[in-house]
Every structure is written in C-alpha cells, then in structure tokens.
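Each remark here refers to the structure printed beneath this line.
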Amino acid sequence: MKAEAREKPLLITREDELDRVARRLAKSPRVAFDLESNGMHAYRATACIIQLECDGEVILIDALATSLLPLGDLLSSTETEKIVHDVAFDARILAEAGVTLANARDTSLAARMLSMPATGLASLLESELGVKIDKKLQQHDWGERPLTPAMLTYLAGDVIHLSELADRLFAAVAERGIAAEVEEETRYRLAQAIAGAGVDDPRPFYVRLKAIDRVPANELPILRHLANIREQLARELNVPPYKVLGPDVLFEIARAKPGTLDELGRIRGALGGRRARSIANDMLDAVAAGVEDEVIPAEDRVWFEKVKVPGGVVRARRAREQRLTRWRKDEAKKRGVDEQVVLPGHCLQGLADVTEPSLEAIAQVPGLGAFRLERDGAGLLAALHEQPTTQLELGVPEPEPAP
C-alpha cells in the first residue's frame, strides 16, 4: 500500500516547536529524511529546508528560520533509523550546521548496489512504486522566501514515499545477500562526509580551475588575479563563482590579454551580464597585473609540481590495480552481484596502494569492512602478491597484432 500523507505538511519555523517535534519523533523506530540546500545559488551551500516523514506525517523545517540543533539527538540516534536518498551530501550539510547523521539507510546506494539502471529518487519511485513526483522545482533556490503552498507540496513529495521505497529496496538487498556490503559502504560515506564538513580547499582559487595544469605558464599569473576578483564578488553577492564569470571565460581572457574595454568586449561572455560588467575595469587591471608579474608566486608553484615516481613503482601499482580489477570482476560474476558490491572503487584504489601486502595492511583500507577481510582476505592477498604475467604488467608494450 502506497504511503499517503495523513494531513497537510506541518511547517516548523521556531526552535521550541522543533524541539517538541524532535522529542516526539525520537520515540519512533524509523524516520524518512531529506534536505534541500541552496548549493546551486549561493556562494556556500547551506541547509534551507529539512523534510521528515514518520507514519504518514510530514514535517517541514525552515532551516533559515530556526537552528537545527534540536534535531541533534534524533538524527544521531542509533535507535531511530533514518531513511535517506544519497546520504553523503545531506550528512555533510548537516554536519556543517552542527548536527551529526547516524544510523542511516541510503536508498540511492541500495539501488546502485542492486545494479538498477536509474537511481534518482523520481526514477526509483516510478519504477518500484508506480509513483510519479513533480520535479519542476528540483533546481529551485530554496533560500528564497516565502514558501508557497506549491513548494510545500513539492517538498512533502520527496519524503512521503521514501520509507516504502526503502522497504522495497532493502528487501531486495537482503534477498541478494548484500546487506553487509550496503551497510559498510553507507558507514564509509557517512564518515567521509562528516570528516569533510567545513574543510576548505587549501589551493588558491585559480589552481582549482579544471584543466589549469594545461594552461601556458605565462597565462597563470593573469588567471590568478582574475580568479581572485571573481571570488571576491561571488562572496559579496553570495552566488557561486561561475555565476559571476564562467571558467571558460577566465581562460579566454587570460589567453587574449585584453588591454581595453573594447578588446574585453570582444571576448564572448566577458561582459555578458551585469555582474561581469560591474568588474570590467577590475578584469583589465587583473590582466595588466598578471602580465607584469610574468610568473606565479613561489609558494603557488608546489601545486603545479608533478611528483616524480620511479617507473618501476608506477608499473607495480598499475599491475596490482589490474589484478585486483580482474579478481573483482571474476568474483562479481561468480556471486551474481555488482562489482561495487564485491569491492567499491575507493577500496580497490586503496588496496592498490598497499606495497607490502598483509592482512594487517589490508585491514587498514577505509570502507573495506571486517566481513570482507574475513571472507576475501586470502583472495585479495593472492591478487596483490601475484607476479606480473603479461607484458603490459611488466611495462613492456604489447606487440602489434598481425595484419
């Protein structure tokens, strides 16, 4: 039977109201949970709306109007199970708001490990429950207020069927015999998300640009100044930096090195919006400063230095990765499960880094899990210890096939 809301969603805007609701829900064995942020519209993503569902009751929390701290005991409880779709993002945003998420079941992760072709919430609700939900507001700026009735209805739709979906998916997980794998991966993703909360990227802004390592050296000083200007305005306006100037525009300005507004205007997108136009003269100053600098600061050069690793070390690691990949593929076929169930990609990469294989060393790989160590330890050791058998693993090019 499909879940139906008992009544219209309850909107919480005060901390005392949230405290009472959280205490009441803490007595429940399960709560469905979702979070809406403003990540596509703000300089730094923050929680805007929290959606909870329990026994058909939907509760919407305006996270811009009240602190989320009263939810702390409920969401960190090991007694109350939280049903979430894509736990990593929600856990990180919550952690940055001072709340820790624990004892979660991730419907998105369960669907992936069941090898389902589409794992988005709307796709799963339709394929598993025959429920169609409206996704017109999927990219809405949830930092906007007031919340309209249509918005509240949309928000409720994301959680009202989530618990039923979890029942369907986790029944399949149990039937397939992969519950331990799903639980271990959920714990890993939760831990990674919480550990990364509030951690700023230490790299200078221009170094974070995709493909910056392929930019000519004489353009880097210009990009350094341009990126700093873009970041400053984005922070002041509370918008993502790309909404001031796209990275492709930054690259083109650095390449063209305009010296006048007319020259700047010839670059597509450079003066295409009011935000960009407001810093037009600053962009020209940035170009001039970068040209004058000629080189980037000495302290920035470390970000462009490539670590020189002996060829033998590289080939040995590649060989370990290839053997582990083959082992994983064979095991997945033998067990009739997805390869990520046998060994998640991050575990495979962590194991490939183990230069002196042993059960103790394997056990240190995050997310592997004690059950995998017990079940697959011998197989993993064999794959890691196996001597190179192909010319590729030995670092010798394969001969060209005969015509």
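Counting each pair of different Cα atoms once, what's the Kirkwood radius of the range 10-196 in Å, rounded to one decimal?
16.7
For each of 133, 222, 59, 194, count neighbouring Cβ atoms within 10 Å of the residue's Cβ, then give the residues from fewest to most.
Going from least to most buried by this count: 133, 194, 59, 222.
Pull out a ≥ b ≥ c, the square roots of the eigenvalues of the alpha-carbon gyration tensor of the range 19-90, then state rounded if a/c is under 1.5, prolate if not and a/b is larger than b/c, and oblate in the remaining case. All intermediate terms of the calculation are to be shown ahead of the outcome.
Working: a/c = 1.99, a/b = 1.63, b/c = 1.22.
Prolate, because a/c is 1.5 or more and a/b exceeds b/c.
Out of all DSSP beta bridges in the chain, what portion is antiparallel? Express it as a percent rounded to 5. Walk me through the numbers on the way to the answer.
Details: 12 of 21 bridges.
Among the beta bridges of the chain, antiparallel pairing accounts for roughly 55 percent.
Most mobile of 352, 180, 378 per a Gaussian network model of the chain (Cα springs, under 10 Å)?
Evaluated over the chain, the most mobile residue of the options is 378.
Considering only 354, 244, 314, give the residue with the highest GNM mean-square fluctuation for the chain, with springs between Cα atoms whenever their separation is below 10 Å.
Between 354, 244, 314, it is 314 that shows the largest mean-square fluctuation.
Below 10 angstrom from the Cβ of residue 372, what's the summed charge of the other residues (Lys, Arg +1; Asp, Glu -1)?
Numbers: positive: 375; negative: 181, 184, 374, 376.
Net charge in that neighbourhood comes out at -3.
Would the range 190-251 count as rounded, prolate or oblate if I go by the C-alpha gyration tensor, calling it rounded below 1.5 in a/c and otherwise prolate when a/b exceeds b/c, oblate otherwise?
oblate
Once the piece of chain linking residue 315 and residue 303 is laid out straight, how much longer is it, given 0.36 nm per residue of separation minus the C-alpha distance between them? List each step's numbers first, then the result.
Numbers: separation 12, 0.36 × 12 = 4.32 nm, distance 2.42 nm.
Taking 0.36 nm per residue and subtracting the Cα distance, the gain is 1.9 nm.
By count of other Cβ within 10 Å, fewest leading, how are 262, 376 ordered?
By the 10 Å Cβ count, ascending, the order reads 262, 376.
Starting from 0.36 nm per residue, how many nanometres of slack lie between residue 363 and residue 228 once their C-alpha separation is accounted for?
44.3 nm
Could you tell me the relative contact order of the range 190-298? Use alpha-carbon pairs under 8 Å, at least six residues apart, and round to a whole percent.
33
Among DSSP beta bridges whose residues both lie in the range 10-196, state the antiparallel percentage, nearest 5.
55
Using only DSSP helix segments of four residues or longer, with each worth -39500 (n - 2.57), what per-residue ellipticity at 222 nm results for the chain after dividing by its residue count and rounding to 500?
Roughly -14000 deg cm²/dmol at 222 nm, from the helical runs in the chain.
On a C-alpha basis, how far is the centre of the range 112-173 from the centre of the range 241-286 in Å? Whole number, if you could?
40
Using a Gaussian network for the chain with springs between C-alpha atoms less than 10 Å apart, which of these wobbles most: 15, 185, 236?
It is 236.
Among 327, 142, rank each residue by its count of other Cβ atoms within 10 Å, from fewest to most, as a rough exposure measure.
327, 142
Each label point is 7 Å from the Cα along the Cα-to-Cβ direction; what then is the distance between the points at residue 14 and residue 28, in nm?
2.2
Based on the alpha-carbon gyration tensor of the range 294-374 and its eigenvalue square roots a ≥ b ≥ c, which shape applies: rounded if a/c is under 1.5, prolate if not and a/b is larger than b/c, or oblate?
prolate
Starting from the Kirkwood Rh over alpha-carbon pairs, what translational D in µm² s⁻¹ does the chain have by Stokes-Einstein at 4 °C and 1.567 mPa s? Each step should come with its number before you reach the end.
Values: Rh = 24.9 Å.
Answer from the Stokes-Einstein relation: 52 µm²/s.
Quick check: the distance between the Cα centres of the range 300-328 and the range 354-377, to the nearest angstrom?
The range 300-328 and the range 354-377 have Cα centres spaced 20 Å from each other.
How big is the range 1-121 by the Kirkwood estimate over distinct Cα pairs, in Å?
14.9
Read-outs throughout are calculated quantities, based only on the coordinates presented, and are distinct from any laboratory measurement. As the structure is a prediction and not an experimental result, all values here were calculated from the model. Ideal geometry is used to build each Cβ from the backbone, glycine not excepted, and the neighbour counts take in all protein chains shown.
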